[in-house]
Amino acid sequence: MLDLEIVPELSLGCDAWEFVLGMHFSQAIAIIQSQVGIIKGVQVLYSDTNPLGVDIIINLPQDGVRLIFDPVVQRLKTIEVFNMKLVKLKYGGVHFNSPEVLPSIEQIEHSFGATHPGVYDAAKQLFALHFRGLSFFFPVDSKLQEGYAHGLGSLIFLSGASPVVSKMSLYSGSNVSETRAPPLPLSCYHRQIYLDSVTVLRTANGYTKGLKLKLFT
């Protein structure tokens, strides 16, 4: 079982490696290749029919982690933990999710501090708690009472049982649904030259006369 540290709006990793938001697809693949025998059952998902319109995903089903890349720039824009039981997670060096630590609402509030009230989606029966660059999603009963105006601690559940996190998303910005891949982090350059964009230069008649390359070094 992987034991990983999260840094909101930045990364998920350990002492040996880390997936950093904004890193290139090829760099994530290189990390996974270096961890053969530790990270297993890797899947790469993409669209054959709409390759530039559908996200590229590296799925790690045995570790409960999903890496989502922008299909055009191929940089990492979202890290999802979709199965909390398959991975250990810590923040600030302290575990908030492990076989011994259940990621309940009370545990998340204790680990990350009080925040403004979350958002309840009655159709999906999900309660979402958003921090900047980090979101937690809790499956809840449809009879959830709306007595949570003062934060998570005031949630009232008819069953008396506090729900636990079903999914966690790590991203850049304040809105997970509108997040975009950040620029390539300085830690990912490794003294290499990277292509940021290519512009095709055409004449008025539509003939290609050259290429304009924007490089970072």
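Here are several values of Cα Rg over 2.2 N^0.38 Å: (1) 1.06; (2) 1.19; (3) 1.00. Which one was derived from the coordinates shown? Among (1) 1.06; (2) 1.19; (3) 1.00, the one derived from this structure is (2).
The dipole here belongs to the chain: it is taken about the Cα centre, uses +1 on the Cβ of Lys and Arg and -1 on the Cβ of Asp and Glu, and is about 840 debye. Its DSSP H runs of at least 4 residues, each contributing -39,500 (n - 2.57), put the calculated 222 nm mean residue ellipticity of the chain at -2500 deg cm²/dmol, to the nearest 500. Taking Cα atoms only, the orientation of helix 25-34 departs from the longest principal axis of the chain by about 70 degrees. Taking a Cβ cut-off of under 14 Å around GLN74, the surrounding Lys, Arg, Asp and Glu residues balance to a net charge of 0, with basic ones at +1 and acidic ones at -1. Ranked by the mean number of other Cβ atoms within 10 Å of their residues, highest first, the peptides 133-140, 186-193 come out as 133-140, 186-193. Dipole orientation for the chain: of the candidates GLN35, MET23, LEU213, LEU213 has the Cα lying most toward the positive pole (charges on Cβ; Lys, Arg +1; Asp, Glu -1). Were the residues from LEU211 through GLU100 laid out at 0.36 nm apart, the gain over their Cα-Cα distance would be 34.3 nm.
Starting from the Cα of LYS85, draw a straight line to each of the lysines and keep only those under 20 Å, dropping any in the same chain fewer than 8 residues away. Reachable lysines: LYS40, LYS167.
Once a ≥ b ≥ c are taken as the square roots of the eigenvalues of the Cα gyration tensor of the range 45-112, is the result rounded (a/c under 1.5), prolate (a/b larger than b/c) or oblate (a/b not larger than b/c)? Prolate is the answer for the range 45-112, as a/c is 1.5 or above and a/b outweighs b/c.
No lab work stands behind these numbers, since they all come straight from the coordinates. Note that the structure is predicted; figures quoted are calculated from it, not measured. So basically every Cβ, Gly included, is an ideal-geometry build from the backbone, and we count neighbours across all protein chains shown.
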